[in-house]
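Heads up: the structure comes next, in structure tokens.
Taken together, the values in this text are just the output of simple stated rules run on the coordinates, not laboratory data. These numbers were taken from a predicted model, which means no experiment stands behind them. We place every Cβ from the backbone using ideal geometry, glycine too, and count neighbours over all the protein chains shown.
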Amino acid sequence: MSISKLPKLPSIRDLIRIYNLKAKQQLSQNFILDKNITDKIVSLAGLELEKALCVEVGPGPGLLTRSILDSGAQSVIAVEKDSRFLPTLRQLQEASDGRFDVLLDDMLKIDHSLIIQKGLQLGSNADNHIESFDYVHLVGNLPFGVATPMLVQWLHLLSLKQGIFRSPNVSMSLMFQKEVGDRIVAGASDSARGRLSVVSQSICDAFRIYNVPASGFVPRPKVDATVVQLRPLEKPLLKSSLSTLEHVVRFSFMKRRKMLARIFKDWDPEQVALLEECEIDPTLRPQDVSTERFCQLAHIIEQRNIKLP
């Protein structure tokens, strides 16, 4: 299939001026106005777009959307909470030759069946289910203020195979402030390692694909950003519910400077034996424990119905 290119459109900078679109601080909005950056993000993400459902979260004025469409995507659904961007996104929809549609909704609350239904309509697919697509790609320049809750929600849906995450081939390419991205990809003994590291890596391979300096945004934020890609592990390390793992990791990292033996002893001296049962060195600090060991610990705690504080 030949790659479809968008026709000549007004620049995003011009559209922002025409529609008086100012970034809202309370919504953690920052615009990227350089298409070289968004083209690079799409290129480095390595997405299979021609037979995929691509779901973009928070497209804003639509520059990343343009890069996605210019890369050959045939079914792109954008979920945008801010109605001020509808004129620019509708204009892009009209220029997309039936490849793009937008839903005015909150991605944290939306019924995923609406996304799937819209995507299938774009794809002109006779089969009315998510498995009709070879891939599902979730992409977005996430508002920094809600990026972590969004990711955690999607990881829960992925662990349960619900919504758009029912697809057997799903990936997420998401932009976070650099500090959050560092935590997501941090391995054992990395100073950035924490709850988000373990929860993400229990079911996904997480790696950085591109850094975006603060100077690439308007208005300029106080921090740099990074794009992280998450792809489900062929053999997930998670053996318990994700909620149990979250609880175990949150409890452990509340006193991250202490050794695990002291953390567990302060809770219940008898439970220190859990560490040795999971082959976890009790002299380690939480950040030094592998994701696999944390998953084993959560599995035992859930199996035995042990109540954490």
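So what's Rg/Rh here for the range 242-303, counting alpha carbon atoms and using the Kirkwood radius for Rh? Rounded to two decimals, Rg over Rh is 0.90. Helices in the chain, meaning DSSP H runs of at least 4 residues, each add -39500 (n - 2.57). Divided by all residues, the mean residue ellipticity at 222 nm is -11000 deg cm²/dmol.
Compared with the direct C-alpha span, the chain from residue 276 to residue 22 gains 85.9 nm at full extension, assuming 0.36 nm per residue.
One Cα centroid belongs to the range 158-230, the other to the range 65-102; the line between them spans 24 Å. Peptides 39-48, 290-299, 141-150 ranked from most to least packed give 290-299, 141-150, 39-48, packing being the mean of other C-beta atoms within 10 angstrom over each peptide's residues. Residue order for 100, 264, fewest other beta carbons within 10 angstrom first, comes to 264, 100. Each pair of Cα atoms in the chain enters the Kirkwood radius, and Stokes-Einstein at 37 °C and 0.692 mPa s then converts it into a translational diffusion coefficient of 159 µm²/s. If R0 is taken as 30 Å, the Cβ-Cβ distance between residue 48 and residue 129 corresponds to a FRET efficiency of 0.95. log10 I(q)/I(0), Debye, Cα-only the range 54-113, no solvent, q = 0.21, 0.24, 0.25 Å⁻¹? Summing over Cα pairs of the range 54-113 leads to -0.73, -0.94, -1.02. Across the alpha-carbon atoms of the range 178-309, the computed radius of gyration and Dmax are 16.4, 54 angstrom.
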